[in-house]
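The values are calculated or read from the model by the stated rules, or taken from the named source; none is laboratory data. Here the structure is a predicted model, which is why all the values come from computation and not from measurement. Here Cβ is always computed from backbone atoms with ideal geometry, including for glycine, and neighbour counts include all displayed protein chains. Note: areas computed on protein heavy atoms with side chains; ligands, DNA, RNA excluded. Shrake-Rupley method; radii C 1.70, N 1.55, O 1.52, S 1.80 Å.
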Amino acid sequence: MITQITFYLFATILVLCAGMVVSARNPVHAVLFLILGFFNAAGLFLIAGAEFLAMILVIVYVGAVAVLFLFVVMMLDVNFNQLREGLQRYAPVGAAIGVALLAELIFTVGRLKLVPGVQEPTLPGPQISNTEALGRLIYTDYVLLFQACGLVLLVAMIGAIVLTLRDRPSARRQNISLQHARLPADTMEMMQLEVGAGTDALGGFIRPRDGYGATAEPIDARALPARRSDEKLGA
Amino acid sequence: MALSPRVATPSSEFRHTMQNLLSAYFPIAVFIVIAAGVSAAMLGGSLLAGRQKPYAEKNSAYECGFDAFDDARRRFDVRFYLVAILFIIFDLEVAFLFPWAISLGRIGLFGFWSMLGFLGVLTVGFIYEWRKGALDWE
């Protein structure tokens, strides 16, 4: 009874969220609804007894993928009204994908078999948890697929770096050991000033004396504009 | 294409397991209820008890005493995106460690070394990104 109630609760919220993801006007709201949908899908996985999938959904999809979506939505300089204009043009493609997904769902629910000889999946049984059943299979029986996963992740890592990382000749990189070796005396100077005398009257001074860039190292020193150490403020 | 007549009917044993499983998550439900109650109390409390006299000037966008200069929706450095992608990759790597840690006693030395091979491949990528300076900030 409780199982049914929780199932219908999660399923209803999930369907409502999915509708809001598509129809929300503000794309940031759409991503937030997507996150709520992920949580409810995790709840459905829990009810189905797949607690590993549920936790992975929360950790990977909510924790990382949804944040990436938010990044993309908030970063890209896209005019979302312009995007909406293409709706008519892309509607057939979207409808085709929807029909394909619907067909897959019908096959699954109706237990239609396209390929003969495929066995029914067997439940691991109540005495062994889902995660443990996966662990017994992934690293031994499916070791090649597992290593292929590692290679896919490696390719993703290198691809992301190659695509997005570029050297900026004017950028100054942090040198952490230099920053740690810095002493208060290097940066701070106690001064006795006359009452009423401003920095302008005293000729001005710059803090810290060698500038904040002292602990950062330029990648290419020649590309930097020459710094004048005797530069005075208020001049 | 054959349509098998069997309809999904969970056995009584399966149903019993489900009840146990859901009751195992009961503490989480308690946490969720408490969290919802506390946040609703904070929001509702300030809504009810706070003095609210909004007017146009108070509600307008404010940026250090000026009107907002431009839209917040602008191009960021792609570097933030790189950090997020690298985070996802290592997140996935960690996700593979959980079932391995649980079943390590059963899968023996072979399972152990297969995970070490996986980690080795990703360590190659890690060294690459380190040497390439993708983790440095400028």
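Quick look at the numbers
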read-out	value
Point-to-point label distance, residue A:140-residue A:100, nm (Cα→Cβ direction, 7 Å offset)	3.7
Calculated over segment B:73-138: convex hull of Cα atoms, volume per residue (Å³)	86
Whole-Å semi-axes of segment A:128-191's equivalent ellipsoid (Cα gyration tensor)	49, 21, 8
Residues in segment B:107-130 occluded by at least 20 Å² - accessible area, probe radius 1.4 Å, against chain by itself	B:107, B:110, B:114, B:118, B:121, B:122, B:125, B:128
Accessible area buried between chains A and B, both sides summed, probe 1.4 Å, in Å² to nearest 100	5700
Order by protection proxy (mean Cβ within 10 Å, highest first), peptides A:31-41, B:40-50, B:79-89	A:31-41, B:79-89, B:40-50
